[in-house]
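The values are calculated or read from the model by the stated rules, or taken from the named source; none is laboratory data. Just so you know, these numbers come straight off a predicted model, no measurement behind them. For neighbour counting, all protein chains shown are included, and Cβ atoms are generated from backbone atoms with ideal geometry for every residue, glycine included. For accessibility, only protein heavy atoms count, side chains too; no ligands or nucleic acids. Shrake-Rupley method; radii C 1.70, N 1.55, O 1.52, S 1.80 Å.
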Amino acid sequence: MAMIATVGLHFDSHFFWTSLLHPSSAFLQGLWATVYLSVVAQFLATVLGLVIALARRSKLSPVRALAWGYTWIMRGTPLLVQLALVYFGLAAAGIYRFSNLTVGPVTIPGEVQAAIFTFTLNEAAYMGEIIRAALGAVDPGQLEAAMSTGMTPARAMQLVVVPQAVRFVIPPLGNDFNAMMKNTSLASIIGVQELFLVSEQVSSVTFNTFEIYLVASLYYLALTTVWSVIQAVIERRIDRKWGIERTRWRRSASWSRRWSVIDAGLGT
Amino acid sequence: MSAPGALTASSAGVRADALSEIGGGTSQDMAVSAVDVHKRFGRVEVLKGVSVDVARGEVVVLIGPSGSGKTTLLRCINHFETVDQGRIYVDGRLIGYRTDGRGRLVEERAKAIALQRAEIGFVFQHFNLYPNKSVLENVTLGPRKVRKMSRDEADEVGRTLLTRVGLDAKVDAYPVQLSGGQKQRVAIARALAMQPKLILFDEPTSALDPEMIGEVLEVMRDLASEGMTMVVVSHEMGFAREVADRVVMMDDGMIVEHGRPAELFDRPGHERTRAFLAKIL
């Protein structure tokens, strides 16, 4: 065993490298749980967030008030507390107990359902604000232009405004998804076998606490890095759809002129 | 969104469609017939009883100082603004409102208003092209989604119109790649694609650099010579003189005077018209 043994300092580098490069199946399942929990919750939260954003802009004040209240509460309480409240609290009060659900070949554990439920509701409040801001960022003349061709406001929103809002949603959404992937570690508190809980369990068995948490950190870092790359690709694709191309970063280029209009090459 | 106030059929003791005769000529003959239109924003009364008729094929240019209500009047014609009192008819049909069971005026449903707007083209001062769609897509979106045309049909209509405004080379370009004058010409093509009976222009050249004003005015001149009914809010007096059938001078929410361009520009009857023209010309 290769160990660095100095006064009080020990690091099991064999364990570290093995865990990092040849993770156990439990560890990989934890990694997978982290990924699918994030993706599912973020997706559902975005859909719900759109509903909330539209509700915030509604003509009817009770609808607006409801959406505001929802946002206030979900953003005003910690995610950790929400998880405990939903999973432990509701069961203890006899209101609802999350139990395993079998759909075809797959069994979804109760705590995973509770986690998806809570993450979705929590994130939807943030997505609601993001989408609301994105809708507001779209030039108000766009709605009128679409209506001038005979579209109802609803149709104009659907065909013209919302697609344009997508451009303003992606950066903050990407930011939130990054946070979501890391927040899944909070689900450990209700027993979801995600990356952090698995690491915690390995730590208590092997006592290689530092090594295993370091490995977990690196895996989280890998996940968030992969996402940053994906996000950048998406942003570039959308810009191209608007006729804008990001120029390569040149040392001499002024930082304020990082993008330019794609030369249509069609002359004047 | 309140219904137009006092001037209802019952209060005036007059049949609803007879009211239009106050303006002279029945609303049926006119492309646009505005009858005693009042509009207020908060406490500011922007239109103080405006009545005007626009005949089919006529080109009317609205001039006047800022705040005179000319843009508001234009926007009332396609119900971008509600009307507090009075009525507006386009092609004989009341715009934006209908009579309910008891003969009072209530605002029309969104779908009905949308259908009315489909017959009225609108060209904006700041173009308002859809930035995430190509030029052709900008022009064909209306026909495809509102008139339910097939993509091929709509594309053909679109290409024809873009050729007509001189932009056939730019069909696949994006708005961000175009100059102001090009954008406005696309906007005009987009309005034409819906085959409207009337086109409203809200200061179409005010946001353009001088060298591009001409190309847009040329398209508008061609449209006029082809018999399109046009109501134009503009400061381009040269255009008004050459192309307009009638120039309407507005100030402080009311029509000051109107007449053929030559008469109005050379022999303005009203003091305020004279003062305004002195500043502009």
Every residue in the range B:157-180 that is facing chain A (nearest Cβ under 10 Å), part of a loop (DSSP other than H, G, I, E, B) and open to solvent by 20 Å² or more (accessible area, probe 1.4 Å), please. B:ASP172, B:TYR174, B:SER179
Could you list, in sequence order, the residues of the range B:245-257 that are in contact with a helix residue (DSSP H, G or I) (Cβ under 7 Å, 6 or more places away or on another chain) and either open to solvent by 10 Å² or more (accessible area, probe 1.4 Å) or of a type in the set (S, T, N, Q) (or both)? B:ASP251, B:VAL256, B:GLU257
Counting just the residues of the range A:151-184 that are away from chain B (no Cβ under 14 Å) and free of Cβ contacts under 8 Å to residues at least 24 places away in the same chain, which one comes out farthest from A:THR120 (Cα to Cα)? A:ASN175
For residues that are within 30 Å of A:TRP72 (Cβ to Cβ) and among the hydroxyl-bearing types (Ser, Thr, Tyr), scanning just the range A:11-55, find the one that is surrounded by the most Cβ atoms within 10 Å (Cβ to Cβ). A:THR34
Return the residues of the range B:117-136 that are at the interface with chain A (Cβ under 8 Å from one of its Cβ atoms) and in a helix (DSSP H, G or I); say none if nothing qualifies. B:ARG117, B:ALA118
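This table checks each residue for (1) in contact with a Leu (Cβ under 8 Å, 6 or more places away or on another chain); (2) of a type in the set (A, V, I, L, M); (3) modelled with pLDDT of 95 or more.
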| residue | (1), (2), (3) |
| --- | --- |
| B:LEU73 | yes, yes, yes |
| B:ASP100 | no, no, no |
| B:GLU107 | no, no, no |
| B:ALA114 | no, yes, yes |
| B:VAL139 | yes, yes, yes |
| B:GLY142 | no, no, yes |
Among the residues of the range A:88-122, which ones are in a helix (DSSP H, G or I) and more than 21 Å from the chain's Cα centre (by Cα)? A:PHE88, A:GLY89, A:LEU90, A:ALA91, A:ALA92, A:GLY110
Which number in (1) in contact (Cβ under 8 Å) with a residue 60 or more places away in the chain; (2) acidic (Asp, Glu); (3) open to solvent by 10 Å² or more (accessible area, probe 1.4 Å) marks the one condition that A:GLU194 misses? (3)
Options A:GLY265, A:GLY243: the member that is at pLDDT below 85 and loosely packed, with under 11 Cβ neighbours inside 10 Å: A:GLY265
Test B:ALA240 against the stated conditions and say whether it is among the hydrophobic types (A, V, I, L, M, F, W, C), open to solvent by less than 20 Å² (accessible area, probe 1.4 Å), within 14 Å of chain A (Cβ to nearest Cβ) and not in a loop (DSSP other than H, G, I, E, B). no
By residue number, the members of the range B:181-193 that are away from every other protein chain (no Cβ under 12 Å) and of a type in the set (S, T, N, Q) are B:GLN184
Condition first: within 12 Å of the chain's Cα centre (by Cα) and under 18 Å from A:ALA154 (Cβ atoms). Can you find one or more residues in the range B:85-108 that meet it? no
Checked against (1) within 9 Å of chain A (Cβ to nearest Cβ); (2) more than 18 Å from A:LEU143 (Cα to Cα); (3) open to solvent by 50 Å² or more (accessible area, probe 1.4 Å), B:ASP209 satisfies every condition except (1)
So B:ARG102 ticks every box in (1) over 22 Å from A:PRO140 (Cα atoms); (2) in contact with a helix residue (DSSP H, G or I) (Cβ under 6 Å, 6 or more places away or on another chain) but one. Which box is left unticked? (2)
I need a count of the residues in the range B:137-156 that are part of a helix (DSSP H, G or I) and either within 10 Å of another protein chain (Cβ to nearest Cβ) or surrounded by 22 or more Cβ atoms within 10 Å (Cβ to Cβ) (or both). 9
In the range A:135-145, residue least open to solvent (accessible area, probe 1.4 Å) [restricted to those that are free of Cβ contacts under 8 Å to residues at least 60 places away in the same chain, aliphatic (A, V, I, L, M) and more than 8 Å from every other protein chain (Cβ to nearest Cβ)]: A:VAL138
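Quick grid of which residues meet (1) under 18 Å from B:LEU74 (Cα atoms); (2) touching a residue at least 60 places away in the same chain (Cβ under 8 Å); (3) touching a Gly at 6+ places or on another chain (Cβ under 6 Å):
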residue	(1), (2), (3)
B:ASP202	yes, yes, no
B:THR205	yes, no, no
B:LEU217	no, no, no
B:VAL231	yes, yes, no
B:GLU236	yes, no, no
